[in-house]
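One structure below.
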Amino acid sequence: MGITVKPGFIPAIGTPLDEEGYLVEDSIRAETERMIEAGCSAILCMGSMGQQAFIRMAETRKTAAAVVDQAAGRVPVFVGAMDCSIQRARERFELMEDIPLSAFVLTTPYYEACTGEEILNYYKRVAAYTSHNIVLYDLPSVTQSKITYDIVVELVKTVPNLAGIKSNDMYMLRKLKVCGEVPDDFLCCFSGMDVFDIGFKWGLTNYLDGMPSCTPYNFSMLDRSMKAGDYAAAAKYLTNILDLRDFFLANNLWPCFTAAMNMLGFAGNFAPDYCTGITEETVEAVRREMKRIGEL
């Protein structure tokens, strides 16, 4: 079916929730608007960084509808519908089928590892339950199951609404871009953030991660620099983003991400509800890092 996405970054936006796990709608609308202002090419709603696996089922529709409405057709909106069985994913589709989103995004089932045959069966059957496009989400570090080049090519042949894939496998995406076995408009989203600049040089000009939500300035400048061919400047902005990411990972990822988002004016909790908090000292350290890289 195909999706038109201009070159550039695709933020996997965070999902702000209140203490009871309900969507803070004004906050996600403001976040969506900030990503568009920063120059994003599309938005992924309820991806990994968007707490898709943790959100109340009843809040998924409200979340997708708010982002699609706020985007108002200015950029495509992809919506995560990952789950552990065909019928559970089907239920997610049914909640959101009438929303004019650009594609549902699905990992392989993630509770147990799947064989290649099971992955093919899952996507072929689940895609038939929606009229929307499907984008594959290759995340073997979580799902225990790798989506291979051969699987993608087979699905392209048999799933008419398959429109793309998100993966950090640079070599597979590069091969898909040049192989001639997938349509020219097949979307290849690169998620290997450590080497976004290298991927861009290779022609992987759609790149996706959750960090743009809390680093809109640096991602905007990274994108501009790469498009202008100024890879020295691009390296500076990418290093800023990676430094902040690494700080989060070393000091409790989700609460640090929440602190950064709150500092940018986006209210709510962006962490799974079982996460423990961070100290005021760590919050201040997040603030110092955000100032150092120019986000505050």
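The values are calculated or read from the model by the stated rules, or taken from the named source; none is laboratory data. Predicted model only: the values in this text are computed from it and were never measured. FYI the Cβ positions are ideal-geometry reconstructions off the backbone, even for glycines, and counts take in every protein chain you see.
Of all the residues that make up the range 135-185, how many are in contact with a Leu (Cβ under 9 Å, 6 or more places away or on another chain), over 27 Å from D197 (Cβ atoms) and aliphatic (A, V, I, L, M)? Here the count works out to 5. Quick one: M57 ticks every box in (1) at pLDDT below 95; (2) buried (at least 16 other Cβ atoms within 10 Å of the Cβ) bar one, so which box is it? Of (1) at pLDDT below 95; (2) buried (at least 16 other Cβ atoms within 10 Å of the Cβ), only one is false for M57: (2).
Please count how many residues of the range 38-58 are closer than 16 Å to T4 by Cα and touching a residue at least 40 places away in the same chain (Cβ under 8 Å).
So the first thing to find is which residues in the range 38-58 are closer than 16 Å to T4 by Cα, and the list is 39-44.
Then keep just the ones that are touching a residue at least 40 places away in the same chain (Cβ under 8 Å); that gives 39-42, 44.
The number of residues fulfilling the criteria is 5.
Residues that are within 19 Å of the chain's Cα centre (by Cα) and more than 15 Å from V79 (Cβ to Cβ) within the range 127-148 comprise D138, L139, P140, S141, V142, T143, Q144, S145, K146, I147, listed in sequence order.
Considering (1) surrounded by fewer than 21 Cβ atoms within 10 Å (Cβ to Cβ); (2) over 28 Å from I165 (Cβ atoms); (3) of a type outside the set (S, T, Y), the lone condition that G203 does not fulfil carries the number (2). Among the residues of the range 256-278, is any in a helix (DSSP H, G or I), small (G, A, S) and surrounded by fewer than 17 Cβ atoms within 10 Å (Cβ to Cβ)? No.
Looking only at the range 7-38, which residues are among the small types (G, A, S), outside any strand (DSSP E or B) and either out of contact with any helix residue (DSSP H, G or I) (no Cβ under 7 Å at 6 or more places or on another chain) or surrounded by fewer than 24 Cβ atoms within 10 Å (Cβ to Cβ) (or both)? Selection gives G21, S27, A30, A38. List the residue pairs whose Cβ atoms are under 9 Å apart, where the first residue sits in the range 59-76 and is farther than 17 Å from C40 by Cβ and in contact (Cβ under 8 Å) with a residue 12 or more places away in the chain, the second is polar (S, T, N, Q) and part of a loop (DSSP other than H, G, I, E, B), and the two are 6 or more positions apart or on different chains. Qualifying pairs under 9 Å: E59/T15; T60/Q52; T63/T15. Residues in the range 212-241 that are surrounded by fewer than 15 Cβ atoms within 10 Å (Cβ to Cβ), closer than 21 Å to S41 by Cα and among the aliphatic types (A, V, I, L, M): A228, A235.
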